[in-house]
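This report refers to the structure that appears directly beneath it.
The values are calculated or read from the model by the stated rules, or taken from the named source; none is laboratory data. The model shown is predicted, which means the values in this text are computed figures rather than measured ones. All Cβ positions, glycine included, derive from the backbone under ideal geometry; neighbour counts span all protein chains shown.
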Amino acid sequence: MNELNKLLQEAKSSVGQGWWPIIEKYLQQMVELAPEGEFFFKEKYGTLRMRVYGKALDHEKLTALEMAAEHESATVCEKCGDPGRLRDDRDWIKTLCDSCLAKETEMNIIIEPNFWVKLKTASARKTGGAYSDWRAAFVGKEGCLSFRYYSKTFQFEYYLDGEEPEDQMISGRIEHVEENGDELNIRTNNSKYAFKIIKKTPNEDTTAYYAYLMNKE
Ligand SMILES: [Zn+2]
């Protein structure tokens, strides 16, 4: 005889807690339909699998419940339970909300060869004065901007194909990120940057991504 509480525990320990309400919603009905069935719980291809093998009072109904739980899990963040969606454009597949996705990933942005930098002069920096005019930094090759949340400091680095990232590191505390169409503007504590985006991986909104990271501070 299956014990609901024991199965609940087993199910919950098998997947992220964002999905626990889904488990609670379906498990009792499933146990009632298959009191002697063998239950399995796991995450597979980004969704929740609650599967029952063996005898059941109504196999059709049981299958419908299995499918309902699976479909529902594709819309709920496995980590926190907020509305989420299946992310299948990466090395891994998971159902996550935007916030949890930001925690999971580093954002890489392919930008145009030329980028523009606005720097504060040394004296302006001391007095908290204005930024100087835009200066063009001609890079000449396609590069990659890589954002990361690292040791509570926001950094981004720019590097060229085939070169070590360390060589091209731009480091600074990011204070503002704004994305408008294919234009990306970033202000750090000492510089301003404007980039034209060619491609983003993951293809998420950069403004939202950084708003989340800043709130986390
Ligand atoms: Zn989440």
Within region 1-45, residues being under 24 Å from LEU86 (Cβ atoms), of a type in the set (Lys, Arg) and either within 16 Å of the ligand (Cβ to nearest atom) or out of contact with any helix residue (DSSP H, G or I) (no Cβ under 8 Å at 6 or more places or on another chain) (or both) number 1
For region 69-84, pairs from a residue that is farther than 15 Å from PHE41 by Cα to a residue that is of a type in the set (S, T, N, Q) and more than 6 Å from the ligand (Cβ to nearest atom), with Cβ under 6 Å and 6 or more apart or across chains, are ALA74/THR47; ALA74/THR95; GLY84/THR95
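Residue-wise test of (1) farther than 30 Å from LYS196 by Cβ; (2) modelled with pLDDT of 95 or more.
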residue	(1), (2)
TYR26	yes, yes
GLU32	yes, yes
ALA56	yes, no
GLU70	yes, yes
VAL76	yes, yes
ASP89	no, no
SER99	no, no
ALA137 vs (1) among the hydrophobic types (A, V, I, L, M, F, W, C); (2) within 16 Å of the ligand (Cβ to nearest atom); (3) at pLDDT below 95: all pass except (2)
So the strands (runs of 3 or more DSSP E) completely within region 23-106 holding 1 or more residues that are over 26 Å from ASN5 (Cβ atoms) are 85-87, 94-96
Quiz item: Does any residue of region 40-53 turn out to be among the charged types (D, E, K, R) and farther than 30 Å from ALA102 by Cα?
Solution: yes
Kindly indicate whether GLU112 is more than 16 Å from the ligand (Cβ to nearest atom), at pLDDT below 95 and within 10 Å of the chain's Cα centre (by Cα).
no
Note on region 1-25: residues among the aromatic types (Phe, Trp, Tyr) and surrounded by fewer than 20 Cβ atoms within 10 Å (Cβ to Cβ) are TRP20
Among the residues of region 46-91, the number that are of a type in the set (A, V, I, L, M, F, W, C) and within 15 Å of the ligand (Cβ to nearest atom) is 6
